[in-house]
Amino acid sequence: MSGHQGPVAELRAATRTYPGVVALDRVDFSVMPGEVRAILGKNGAGKSTLIRLLTGAETPDSGDVLLDGRPFVESGLRRTREAARRGLRAVYQELSLVPDMSIAENMFLGDWPRRSGMLDHHGMAEQSAAAMRRLGLTLDPRQLASTLSPASRQMVEIARAFLGSPRLVILDEPTSSLAAAEVDQVCEAVRNAAADRVAILYVSHRMNEIRRLADSATVMRDGRVASTLPVAGAKTEDIVQMMLGGAEQTRAPHRSRIGKTVLSVRGIASPPKLAGIDLDLHEGEVLGIAGLLGSGRTELLEIIMGLRAPTAGEIHVGTEKIQKPGYKAMMRRGFGYTPESRKENGIVPLLGVDENTVLTDFGRVQRRGILSAPAIELATRAVVERLHVKTARMQTPIATLSGGNQQKVVIGRWIHAQSRILLMDEPTRGVDVEAKIQIYDIIRALAAEGRAILFVSSEIEELDQVCDRVLVLRDGIMAEEHVAPAIDAEQLLAACIG
Amino acid sequence: MSASTASSIPARRLLPSLLGHMNEIGLIAIVAILYVVFGAISPGFLSVNNQVNILRDGATIGIAAWAQTLVIVAGEIDISVGPMVAFISVIMAFLLKWHLPLPVALAGGLVLGSALGASAGVLRAVFTVPSFVATLGLWSALRGLALFMTNALPISFDDNDTLDWIGGNLLGLPVSAIVMFVLFGAFVFASRKTAFGRSVYAVGGNANAAHLCGINVTRIRIVVFAISGLMAAITAIMLLGRLGTGNAGAASGLEFDVIAAVVVGGTSLSGGRGSMLGTLLGVLTITVISDGLVLYGINSFVQDVVRGVIIVAAVLLNVAAARRSGRHG
Amino acid sequence: MSASTASSIPARRLLPSLLGHMNEIGLIAIVAILYVVFGAISPGFLSVNNQVNILRDGATIGIAAWAQTLVIVAGEIDISVGPMVAFISVIMAFLLKWHLPLPVALAGGLVLGSALGASAGVLRAVFTVPSFVATLGLWSALRGLALFMTNALPISFDDNDTLDWIGGNLLGLPVSAIVMFVLFGAFVFASRKTAFGRSVYAVGGNANAAHLCGINVTRIRIVVFAISGLMAAITAIMLLGRLGTGNAGAASGLEFDVIAAVVVGGTSLSGGRGSMLGTLLGVLTITVISDGLVLYGINSFVQDVVRGVIIVAAVLLNVAAARRSGRHG
Amino acid sequence: ADPVGIGAIYLDSQGYYAGVRKGVQDGAAALKRPIRLVETTAQDDPSKESGFIDTLVSANVKAILLSAVSADGSVHAIKRAHQAGIPIVCYNTCVNDTAMKKYVYAYVVGDPVAFGSKLGGAAADYFVKAGLTAPKLAVVNCEFVEVCINRRKGFETALLARVPGATFVDNQQGTTVDTSVAVAEKIMTAHPDLDAFFGESGGATLGATKAVQHAGNSKVVVFGSDMTSDIGHALAAHTILKAVVDISGKSVGRLAIQQAMDAVDGKSKGSRIVPADIGLYTTTDEANAWLGAHSDGIP
Ligand SMILES: Nc1ncnc2c1ncn2[C@@H]1O[C@H](COP(=O)(O)OP(=O)(O)OP(=O)(O)O)[C@@H](O)[C@H]1O
Ligand SMILES: Nc1ncnc2c1ncn2[C@@H]1O[C@H](COP(=O)(O)OP(=O)(O)OP(=O)(O)O)[C@@H](O)[C@H]1O
Ligand SMILES: [Mg+2]
Ligand SMILES: [Mg+2]
């Protein structure tokens, strides 16, 4: 360890631009050993860019990056390795596992331990297993990363960050696909590390986590540091206000009228996760499903949509019993599905916002079998305006939008298709506070129109904000039901754990 | 890679539509340079006659290249083009030799081409055999079959006025070039203005997402290969018109030229991105290089060297242009 | 595809090690079937002599295929193999003809091969030219250059005992086959047990993640192509030993056989996944098919047909086996 | 009795080798002995040829017929067959003289220089008759194989001997019909004052003829090699194609299998070279006669 007593990491007047955007604008930033620093800001505020400068993944256009008071020696592609050598670990926002490699190899990616010149697979497996145990994970380290659920992948990445003896651990939205129990594990790991004088940078859109963990917070807005302040004294509203830069916050509107049953599920089983699920969904209702990581919520949605065959049980849509399940057939019955992983299964990155919107139903934007540019423009504009999607033009490739705006388009495509029943799997994952509230509003407004919504979320706090009713999935069955207005986050969490 | 990008931020805002076509503009510049150079050094290069030749040669690559663009945009590849063209020309020649009426023979060839293409598509889409392997199988099998059926000898048939007309010119333009341009229009239209065309881009861009939006990914994949087979059959008709016989050894290596034209045209081999206009310019580049070099009269072996260098240089310029315009690979 | 996947998750936990090698087991079954069939129908197929032949032919494909496996696992492709082998054999023959000592001539060829491969790697890694295009350029240029330098005539040189020994047998095994097996061992070791090998898988699987973890993606890409060039040079030495002259027209179409062997061996063309053992079995499959068909004595054109069908069938079986084992493409 | 295994390697997939194969098969049938032919194509590649020879050796064939890909490049492989005690019969092309004396039982050949020279003579006849003292010629070649280079040498020598003013303005590769048509068209564009084409192979000849035909009323004529039905018809028309030189594939094949069986029977030989007839066809009548004799279309 160096004898340096100053900041572990520091940016001085760092500027980074991308074509068309100034992602960071003369930012000064520093973090001290043992400090847990939260970084807050809307989507696109520049949080991830700041982090990539610290980890050496990118170089600033101007300004300095210092680790333990010393600048990088290496330049370009070799920087990340130097940063790792100097004790920096990071969990990036985008998935950074190699799918066809084992967990153990992923844990040591790029820096595999060797014994007499050869990779030490055995040692790797043991150390990985130990690192995962510290986070309460019991996965086989030889398992391939591609076979893991999104949540397990994220846990593996977090375990990777705490391997060895780091000086600074950076976590960029580490809990975006985690449920409450896992979040607790992560919090504990962070606190233990901080006690060992490891500095932590923690990016999250979840305010309550930040309150539990962070000593101080840096709020970013439009590529600049708006303020750095101690968390203890600050009021949440003030922080949110700082992030938004004075914009008005809206609150979720009132509950809508519940109509007749549109979907009923009876005895759906799919071992080993689902043992017999019953649920009813009504017109105008937002039905939340809470559960722990891996409790089978995604699987349930996939079964309902006909993407996966259950071993037992039946599904009724209205009065009709589904005989031959199939995704396309469910779409025709008015179902829409927004998948859990936006990047892998949601967006077509190179296509524009417009085409990502009309993909679900070209029929509506055709004139005599020919796609009509004005019709596409009109249909997209309707969705974009209604959902407040922030995009320069309708044709802008969706990959260049912020996560929240991408998610709105993914929801919007089902509005375009006029779906009556929406199944949403983690629709607010990786989305900033402002966009989250907008998405809640959208969901409530859709329900108010008489649509039925099945809402899966691992962020317990948001369930009581949007749902009329919450079912708790535990041990493969719907263990409990909580009905608004008596939905309470703490009770739900307790119910999930069982 | 993400590192070391950025530069011309203001330019982007000024000319977004122009810069969005940096790729095509770069190719036009390359073609222009080739015209200037060959115009100066290759005798007869600029003659009307030779321009007609370029168009005729271009048609052989172009018609197949339109379909290949769709195939590659869909994230697949079809390397069976050359043998497919040869095989179908042989089959049509046999049908004509047996005195079947021309429309029947040609229709037979077109149906056969589509069916063979579709079979590769089924292997890919239903049985998840990688398309390289599925079409490699066709590549080997069709060439062998054509050679076996003909003993490697040309198959001749009675003179046929319509076929001669197809092999000839109309208003000074080769009929095959006219067919190529008409099909180009059709493909531009299909790729931009139809649900099918856009679905191809969606499937190539993210097949999972396309599936979850209700696009029949399997069908799209089968259809693009069927179209590729159909275009090979049309190329076979043009070849039959030009040569007057069915030749099992014809169109050898055509798949390389076709794929090179598509890739030079800026279509990404990883799918989801590409334009018909780019491919048109790619076809022009490849054809002009071959033609200009032959006219220049350098050793045919050196032609291969120069061709290799120019193809790489063209893509290199193109990549550099795209990078300046801020679009990243 | 995410949809309608999964199913037999429990099976996976029961026999993970065995099922993880479903691919290899499937290929062993295919090779076994080929042996039984050809053993029955092709006279002399099972003779020791012919097994030695299969090994010798296998070496021509195999040595290049080990490197190609790394290239494809890294998410790239190298189609320049055939012309590279021919070109380097010609250069080495020239060096020998000018009475340079054998070690110098061979070392020169090896260095040249690595350098040419690395140049394709630089085009890919630094200038982001797609590897298909970069190696297509080499493919065209090297074949042309070799033919031009030799006028398509073989280049002979003084008899050389060491080269003859390389072209001959050692303890009843062809020296080239021994070289192939030694290199196989080296590649298995490198791909499984060294940081370089694992980095190749990481780059092919997720280049971005690899970069963020400090792996020098650019260097890995350049090195895999350099290795591919080096292996082509070694293949050229074997060829020189076998033919005793440098031939510009040799090894034509070798790239197809090599890529087919790798793909039949279960390596995914989209990168990140593949095994050397699979490639070994792929090489065996391709070689046994060619050999058995010639011995069976069917028309050489029909051989192409059968080869095409068997390659597709092998991959089809393999895919089906992998699907049963619960692994998905 | 067990059939006698005979290996036959054809040079590439040109139609000419279909004639050779027919000759070999007919010849084998005519011998009224059980013969098992093991055939394959070397695709102009010495490495493939070498592999096939090894395969044939292990298949226990009693003799191998081949058209060597290269005079020097094929020596090693042939030597191996010789050492395994298997007699080699070359046809059409063979290895260099020294190696041939050591390893080859017989060589059925129409000498390519003589082949080219015959056609060169015919071309000279034509130019002299037409009163052209300085004709401009272009070659459509197949010079990635050596035999084609020798054909051109013979042609040039014979022509220049009698028409010293003749010049060769271009020489480009084109062996499959589609490429040779395109190449010939371009040559005509580059050299509008061209007088004649020399096609070194069947595909080249046919391509050049088609190209002239497409160009319409051109005065360009073609001298070509290797008869096929199409070429026969074009020669019969006699408007563009004026002379064709040909070695009958069938007769070469027949001679080759004959020699192979002699070798199997251990007959000793006087001369290694077995001459095959080189036929020159310059008139409509000769063309029609050829077409009549080859009604199955196989040369
Ligand atoms: N590789 C890139 N190329 C172009 N623009 C980029 C790139 N990476 C980031 N940007 C842009 O830079 C800005 C800052 O992005 P950054 O990822 O740092 O935001 P963030 O605060 O992490 O947002 P989020 O909360 O959505 O993760 C955004 O406008 C983004 O679009
Ligand atoms: N070992 C595995 N192999 C293959 N697929 C898996 C594996 N584990 C999870 N998955 C799939 O990944 C997806 C998400 O997994 P996850 O465990 O998060 O979902 P889940 O069981 O539905 O629980 P959750 O309630 O967290 O959504 C599901 O489709 C699941 O079937
Ligand atoms: Mg971010
Ligand atoms: Mg889930």
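The values are calculated or read from the model by the stated rules, or taken from the named source; none is laboratory data. Because the structure is a prediction, the values reported are computed rather than measured. Quick reminder, even Gly has a Cβ in these numbers, built from the backbone with ideal geometry, and neighbours come from all protein chains shown. Ligands, DNA and RNA are excluded from the accessible area calculation, which covers all protein heavy atoms including side chains. Shrake-Rupley method; radii C 1.70, N 1.55, O 1.52, S 1.80 Å.
Quick check on my filter: what residues within the range A:172-205 are within 16 Å of ligand 3 (Cβ to nearest atom) and either open to solvent by 20 Å² or more (accessible area, probe 1.4 Å) or among the hydroxyl-bearing types (Ser, Thr, Tyr) (or both)?
As a first pass, look at the range A:172-205 and keep what is within 16 Å of ligand 3 (Cβ to nearest atom): A:172-177, A:201-205.
Once the filter is applied, which keeps residues that are within 16 Å of ligand 3 (Cβ to nearest atom) and either open to solvent by 20 Å² or more (accessible area, probe 1.4 Å) or among the hydroxyl-bearing types (Ser, Thr, Tyr) (or both), the range A:172-205 yields A:THR175, A:SER176, A:SER177, A:TYR202, A:SER204.
Applying the selection to the range A:139-173, what residues are within 16 Å of ligand 1 (Cβ to nearest atom) and either charged (D, E, K, R) or farther than 17 Å from A:ASP100 by Cα (or both)?
To start, the set of residues in the range A:139-173 that are within 16 Å of ligand 1 (Cβ to nearest atom) comprises A:154, A:157, A:170-173.
Across the range A:139-173, the qualifying residues are A:GLU157, A:ILE170, A:LEU171, A:ASP172, A:GLU173.
Would a scan of the range A:19-32 turn up a residue that is among the β-branched types (Val, Ile, Thr), away from ligand 4 (no atom under 16 Å from the Cβ), assigned to a loop (DSSP other than H, G, I, E, B) and more than 14 Å from A:ARG224 (Cβ to Cβ)? Please lay out each step first, then the result.
Our first condition is that a residue be among the β-branched types (Val, Ile, Thr); within the range A:19-32, this holds for A:21-22, A:27, A:31.
From what's left, away from ligand 4 (no atom under 16 Å from the Cβ): A:21-22, A:27, A:31.
Subsequent filtering for residues that are assigned to a loop (DSSP other than H, G, I, E, B) retains none.
No; the residues of the range A:19-32 include none that is among the β-branched types (Val, Ile, Thr), away from ligand 4 (no atom under 16 Å from the Cβ), assigned to a loop (DSSP other than H, G, I, E, B) and more than 14 Å from A:ARG224 (Cβ to Cβ).
What single numbered condition from (1) closer than 22 Å to A:LEU454 by Cα; (2) within 20 Å of the chain's Cα centre (by Cα) fails to hold for A:ALA399?
With respect to (1) closer than 22 Å to A:LEU454 by Cα; (2) within 20 Å of the chain's Cα centre (by Cα), A:ALA399 is out only on (1).
Looking at the range A:407-421 only, could you name the residues that are open to solvent by 20 Å² or more (accessible area, probe 1.4 Å) and in a helix (DSSP H, G or I)?
A:ILE415
For the range D:162-190, enumerate the residues that are over 30 Å from B:GLY246 (Cβ atoms) and either hydrophobic (A, V, I, L, M, F, W, C) or open to solvent by 40 Å² or more (accessible area, probe 1.4 Å) (or both). I'd like the intermediate steps shown before the answer.
Of the residues in the range D:162-190, the ones over 30 Å from B:GLY246 (Cβ atoms) are D:162-169.
Listed by number, the residues that qualify are D:ARG162, D:VAL163, D:PRO164, D:ALA166, D:THR167, D:PHE168, D:VAL169.
Tell me, please, whether a residue that is within 8 Å of another protein chain (Cβ to nearest Cβ) and within 16 Å of ligand 1 (Cβ to nearest atom) can be found in the range A:350-365.
Yes: one or more hits.
Step by step: first the residues of the range A:43-57, then only those that are at pLDDT below 90 and surrounded by fewer than 23 Cβ atoms within 10 Å (Cβ to Cβ), then the one that is farthest from ligand 2 (Cβ to nearest atom). Which residue is that?
So, considering only residues that are at pLDDT below 90 and surrounded by fewer than 23 Cβ atoms within 10 Å (Cβ to Cβ), the one farthest from ligand 2 (Cβ to nearest atom) is A:GLY44.
If I ask for residues that are modelled with pLDDT of 95 or more, among the hydrophobic types (A, V, I, L, M, F, W, C) and not in a helix (DSSP H, G or I), which ones from the range B:71-99 would you list?
Matches in the range B:71-99: B:ALA74 only.
Based on this model, can you work out whether A:ASP61 counts as more than 27 Å from the chain's Cα centre (by Cα), within 14 Å of chain B (Cβ to nearest Cβ) and not hydroxyl-bearing (Ser, Thr, Tyr)? Please lay out each step first, then the result.
Values: more than 27 Å from the chain's Cα centre (by Cα): yes; within 14 Å of chain B (Cβ to nearest Cβ): yes; not hydroxyl-bearing (Ser, Thr, Tyr): yes.
Answer is yes for this residue.
Just for the range D:123-161: of the residues that are part of a helix (DSSP H, G or I) and open to solvent by less than 10 Å² (accessible area, probe 1.4 Å), which one is farthest from the other protein chains (Cβ to nearest Cβ)? Walk me through how you get there before you give the answer.
Residues of the range D:123-161 part of a helix (DSSP H, G or I): D:123-130, D:146-161.
Next, only the ones that are open to solvent by less than 10 Å² (accessible area, probe 1.4 Å) stay: D:123-124, D:127, D:148, D:154-155, D:159.
Details: D:ALA123: 21, D:ALA124: 24, D:PHE127: 22, D:CYS148: 9, D:GLY154: 17, D:PHE155: 17, D:LEU159: 20 Å.
So the residue we want is D:ALA124.
Find the residue count for the range A:312-362, including only residues that are within 16 Å of ligand 4 (Cβ to nearest atom), among the acidic types (Asp, Glu) and either touching a residue at least 40 places away in the same chain (Cβ under 8 Å) or more than 21 Å from A:VAL410 (Cβ to Cβ) (or both). Lay out the reasoning, then the answer.
Our first condition is that a residue be within 16 Å of ligand 4 (Cβ to nearest atom); within the range A:312-362, this holds for A:337-346.
Now narrow it down to the ones that are among the acidic types (Asp, Glu): A:340, A:344.
Retained after the next criterion (residues that are either touching a residue at least 40 places away in the same chain (Cβ under 8 Å) or more than 21 Å from A:VAL410 (Cβ to Cβ) (or both)): A:340.
Final tally of qualifying residues: 1.
How about the range C:152-170: which of its residues are within 14 Å of chain D (Cβ to nearest Cβ) and either among the hydrophobic types (A, V, I, L, M, F, W, C) or in a loop (DSSP other than H, G, I, E, B) (or both)?
Scanning the range C:152-170 gives C:ALA152, C:LEU153, C:PRO154, C:ILE155, C:PHE157, C:ASP158, C:ASP159, C:ASN160, C:LEU163, C:TRP165, C:ILE166, C:GLY168.
Just give me the residues in the range A:131-158 being away from chain C (no Cβ under 14 Å), outside any loop (DSSP other than H, G, I, E, B), more than 14 Å from ligand 4 (Cβ to nearest atom) and under 28 Å from A:LEU463 (Cα atoms), in sequence order. Reasoning before the result, please.
From the range A:131-158, those away from chain C (no Cβ under 14 Å) are A:131-137, A:151, A:155, A:158; that's our starting set.
Now narrow it down to the ones that are outside any loop (DSSP other than H, G, I, E, B): A:131-134, A:151, A:155, A:158.
With the extra rule that they be more than 14 Å from ligand 4 (Cβ to nearest atom), the set shrinks to A:131-134, A:158.
Listed by number, the list holds a single entry, A:ILE158.
Matching residues to (1) within 23 Å of C:LYS193 (Cβ to Cβ); (2) open to solvent by 40 Å² or more (accessible area, probe 1.4 Å):
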position: A:SER62; (1), (2): no, yes
position: A:VAL73; (1), (2): no, yes
position: A:ARG78; (1), (2): no, yes
position: A:ALA90; (1), (2): no, no
position: A:SER96; (1), (2): no, no
position: A:MET107; (1), (2): yes, no
position: A:GLY117; (1), (2): yes, yes
position: A:ALA130; (1), (2): yes, no
position: A:GLN143; (1), (2): yes, yes
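Does any residue of the range D:56-64 turn out to be within 13 Å of D:TYR103 (Cα to Cα) and more than 7 Å from every other protein chain (Cβ to nearest Cβ)? Even if it seems obvious, please write down each step before you answer.
Going residue by residue through the range D:56-64, those that are within 13 Å of D:TYR103 (Cα to Cα) are D:63-64.
Within this subset, residues satisfying the condition of being more than 7 Å from every other protein chain (Cβ to nearest Cβ) are D:63-64.
Yes, the range D:56-64 has at least one match.
Each row is one residue, and each column tells you yes or no for (1) touching a Ser or Thr at 6+ places or on another chain (Cβ under 9 Å); (2) open to solvent by less than 10 Å² (accessible area, probe 1.4 Å); (3) acidic (Asp, Glu).
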| position | (1), (2), (3) |
| --- | --- |
| D:ASP2 | no, no, yes |
| D:GLY7 | yes, yes, no |
| D:GLY19 | yes, yes, no |
| D:ALA29 | no, no, no |
| D:ARG33 | no, no, no |
| D:VAL38 | yes, yes, no |
| D:ASP44 | yes, no, yes |
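Just wondering, is there one or more residues in the range B:203-213 that are within 11 Å of another protein chain (Cβ to nearest Cβ), in contact (Cβ under 8 Å) with a residue 60 or more places away in the chain and within 12 Å of the chain's Cα centre (by Cα)?
Of the residues in the range B:203-213, the ones within 11 Å of another protein chain (Cβ to nearest Cβ) are B:203-213.
Narrowing the set further to residues that are in contact (Cβ under 8 Å) with a residue 60 or more places away in the chain leaves B:203-207.
If we keep only those that are within 12 Å of the chain's Cα centre (by Cα) as well, we get none.
No: the range B:203-213 contains no residue that is within 11 Å of another protein chain (Cβ to nearest Cβ), in contact (Cβ under 8 Å) with a residue 60 or more places away in the chain and within 12 Å of the chain's Cα centre (by Cα).
Among (1) away from chain A (no Cβ under 14 Å); (2) on the phi < 0 side of the Ramachandran plot; (3) crowded, with 24+ Cβ neighbours inside 10 Å, where does C:LEU173 come up short?
Of the numbered conditions (1) away from chain A (no Cβ under 14 Å); (2) on the phi < 0 side of the Ramachandran plot; (3) crowded, with 24+ Cβ neighbours inside 10 Å, the odd one out for C:LEU173 is (3).
What do you reckon, is A:PHE72 outside the structural domain of A:LYS408 (by the TED database), over 23 Å from the mean Cα position of the chain (by Cα) and within 16 Å of ligand 3 (Cβ to nearest atom)? Steps first, answer last, please.
Numbers: outside the structural domain of A:LYS408 (by the TED database): yes; over 23 Å from the mean Cα position of the chain (by Cα): yes; within 16 Å of ligand 3 (Cβ to nearest atom): no.
So A:PHE72 fails the test.
Here is a check on your reading of the model: is A:GLY164 away from ligand 4 (no atom under 16 Å from the Cβ) and within 30 Å of C:PHE187 (Cβ to Cβ)? Don't jump to the end; show me each part of the working.
Details: away from ligand 4 (no atom under 16 Å from the Cβ): yes; within 30 Å of C:PHE187 (Cβ to Cβ): no.
No, not satisfied.
What helices (runs of 4 or more DSSP H) completely inside the range B:212-329 contain at least 1 residues that are aromatic (Phe, Trp, Tyr) and either out of contact with any Ser or Thr (no Cβ under 8 Å at 6 or more places or on another chain) or surrounded by fewer than 22 Cβ atoms within 10 Å (Cβ to Cβ) (or both)?
Working: elements: B:217-243, B:254-264, B:276-296, B:300-324.
Where helices (runs of 4 or more DSSP H) fall fully within the range B:212-329 and carry at least 1 residues being aromatic (Phe, Trp, Tyr) and either out of contact with any Ser or Thr (no Cβ under 8 Å at 6 or more places or on another chain) or surrounded by fewer than 22 Cβ atoms within 10 Å (Cβ to Cβ) (or both), they are B:254-264, B:276-296, B:300-324.
Are any of the residues in the range C:126-141 modelled with pLDDT under 95, more than 14 Å from chain B (Cβ to nearest Cβ) and either within 30 Å of B:VAL315 (Cβ to Cβ) or in a helix (DSSP H, G or I) (or both)?
No, every residue in the range C:126-141 fails to be modelled with pLDDT under 95, more than 14 Å from chain B (Cβ to nearest Cβ) and either within 30 Å of B:VAL315 (Cβ to Cβ) or in a helix (DSSP H, G or I) (or both).
Going through A:LEU300, A:LEU279, A:LEU287, A:LEU293 one at a time, which residue ends up being in a helix (DSSP H, G or I) and in contact (Cβ under 8 Å) with a residue 60 or more places away in the chain?
Checking each option against the conditions leaves just A:LEU300.
If the Cβ limit is 7 Å and pairs must be 6+ apart or interchain, which residue in the range C:296-311 that is within 8 Å of chain B (Cβ to nearest Cβ) pairs with which residue that is outside any helix (DSSP H, G or I)?
Close Cβ pairs satisfying both conditions: C:ASN299/D:GLU39.
Quick one: in the range A:422-441, which of the residues that are hydrophobic (A, V, I, L, M, F, W, C) and either within 15 Å of ligand 1 (Cβ to nearest atom) or open to solvent by 10 Å² or more (accessible area, probe 1.4 Å) (or both) is farthest from A:GLY306 (Cα to Cα)?
Within the range A:422-441, the subset hydrophobic (A, V, I, L, M, F, W, C) is A:422-424, A:431, A:433, A:435, A:437, A:439.
Narrowing the set further to residues that are either within 15 Å of ligand 1 (Cβ to nearest atom) or open to solvent by 10 Å² or more (accessible area, probe 1.4 Å) (or both) leaves A:431, A:433, A:435, A:437, A:439.
Values: A:VAL431: 28, A:VAL433: 33, A:ALA435: 30, A:ILE437: 30, A:ILE439: 26 Å.
The residue in question is A:VAL433.
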